[in-house]
Amino acid sequence: MTIKTAVLLVNLGSPDSTEVSAVRRFLRRFLSDKRVVNLPRILWLPILHCIILPFRPYKSAKAYREIWLENGSPLAIFTASLAQKLARQLATDSITIDYAMSYAVPEISQKLTEWQAANIEKLIVLPLYPQYSSTTTASVYDEINRFWMKQYRIPQLHFICDYHQQAFYIQALAQSIRHYWQEHGQEYLLISFHGLPAKLTEWGDPYFYQCQQTAQLLIAELNLNPDQWQLVFQSRFGRAEWLKPYCVEVLEKLPHQGIKKIQ
């Protein structure tokens, strides 16, 4: 049977388990990607293999254990669930929907190999990153491209780069927040995005601006005033300047502004 259209959801992935060895394998693969860390290899690889991988996995494994669910990684479980629910709504005899991970199983190449054997005619790729970044979305594109470069027959390809301004996405975020407010009441709102080195913005990465656009659209949907919310960036790593304002610094300042409860 020929599958005419295949839809692939792609997420980052997580370790196979909370064992230090599994975390080390995951970090090695993740941090070896030139899109994730774009330092010259001659500088970065010694740091990765001699400083980060010998020590970081112990700390990361402990953090993973704090969030690990009975059946595994939350990211893996929720991504699989999302794909299954989407398939129940949209899949037909000629449309199949599944997911893959950039740095874990199921791998992108594994899923594409299966669909190539089924002679797909159209491939829709949706990286599950609302805001485009060269460190995430572009790495998915690289992997998709690497696979098809080796093939003789290439399907029609539709690659969704971002959906940071899509009305349904903004409305879904607002609905989630309103549901929380109904149960817990409303407090000062921090909208926190994962940080990136500030240098990437200078090089043309639109992530910083897309995060701002998402936040502004969400605030408009929630009808909040400027004194009721703030945008921040989390997960800074290393000594280089990252996207600001830093979440940690904002959290330290808010009590001095009379704000002692946040969401």
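The values are calculated or read from the model by the stated rules, or taken from the named source; none is laboratory data. Not measured: the values here are computed from a predicted model. Surface areas here come from the heavy atoms of the whole protein model, side chains and all, with no ligands, DNA or RNA. Shrake-Rupley method; radii C 1.70, N 1.55, O 1.52, S 1.80 Å.
When the Kirkwood radius is taken over all Cα pairs of the stretch 167-263, what Stokes-Einstein diffusion coefficient follows at 10 °C and 1.306 mPa s, in µm²/s? Provide the component values of the computation, followed by the final result.
Details: Rh = 14.6 Å.
The estimated diffusion coefficient comes to 109 µm²/s.
Determine the order of Cys211, Cys50, Cys247, Cys161 by accessible area, beginning with the largest, at a probe radius of 1.4 Å.
So the residues, ranked largest to smallest area, are Cys50, Cys161, Cys247, Cys211.
Can you work out the Karplus-derived ³J(HN,Hα) for every residue in the stretch 45-57? Use 6.51 cos²θ - 1.76 cosθ + 1.60 with θ = phi - 60°, whole Hz, and x for glycine or proline.
With the stated coefficients, the stretch 45-57 comes to 4, x, 5, 4, 7, 9, 10, 6, 5, x, 10, 4, x Hz.
Students often forget the sequence filter, so: which aspartates and glutamates lie under 14 Å Cα-Cα from Lys261 once same-chain residues fewer than 8 apart are removed?
The qualifying aspartates and glutamates are Glu187, Asp227, Glu252.
For the stretch 40-81, taking Cα atoms only, what is the radius of gyration to one decimal and the Dmax to the nearest whole Å?
Radius of gyration, then largest Cα-Cα span, for the stretch 40-81: 14.7, 40 Å.
Tilt of helix 74-90 relative to the longest C-alpha principal axis of the chain, in degrees (0 to 90, nearest 10)?
Around 60 degrees separate the two axes.
With the full set of protein chains in place, find how many percent of the accessible area of the stretch 14-79 is carbon and sulfur; take the probe as 1.4 Å.
Numbers: 2580 of 4200 Å².
C and S fraction of accessible area: 61 percent.
Measure nothing fancy, just the Cα-based angle from helix 167-184's long axis to the longest principal axis of the chain, in degrees from 0 to 90, nearest 10.
Tilt of helix 167-184: around 50 degrees.
Rounded to the nearest angstrom and ordered from largest down, what semi-axes does the equivalent ellipsoid of the stretch 81-170 get from its C-alpha gyration tensor (root of 5λ)?
That gives 21, 18, 12 Å for the three semi-axes.
Would you kindly find the accessible area of Val125, with a 1.4 Å probe and non-protein molecules such as ligands, DNA and RNA excluded, rounding to the nearest 10 Å²?
0 Å²
Mind pulling the angle between the C-alpha long axis of helix 137-149 and the longest principal axis of the chain? Nearest 10 degrees, somewhere in 0 to 90.
For helix 137-149, the angle is close to 10 degrees.
Leaving out ligands and nucleic acids, and using a 1.4 Å probe, what accessible area per residue does the stretch 16-62 come to in Å²?
Accessible surface, normalised per residue, equals 63 Å².
How long are the semi-axes of the ellipsoid equivalent to the chain, from square roots of 5 times the Cα gyration tensor eigenvalues, in whole Å, largest first?
Semi-axes from the Cα gyration tensor: 32, 25, 19 Å.
Would you mind checking the pairs Lys34/Lys85; Lys34/Lys122; Lys111/Lys199; Lys85/Lys122; Lys85/Lys111; Lys59/Lys253 and listing those with alpha carbons more than 30 angstrom apart?
With Cα atoms farther than 30 Å apart: Lys34/Lys85; Lys111/Lys199.
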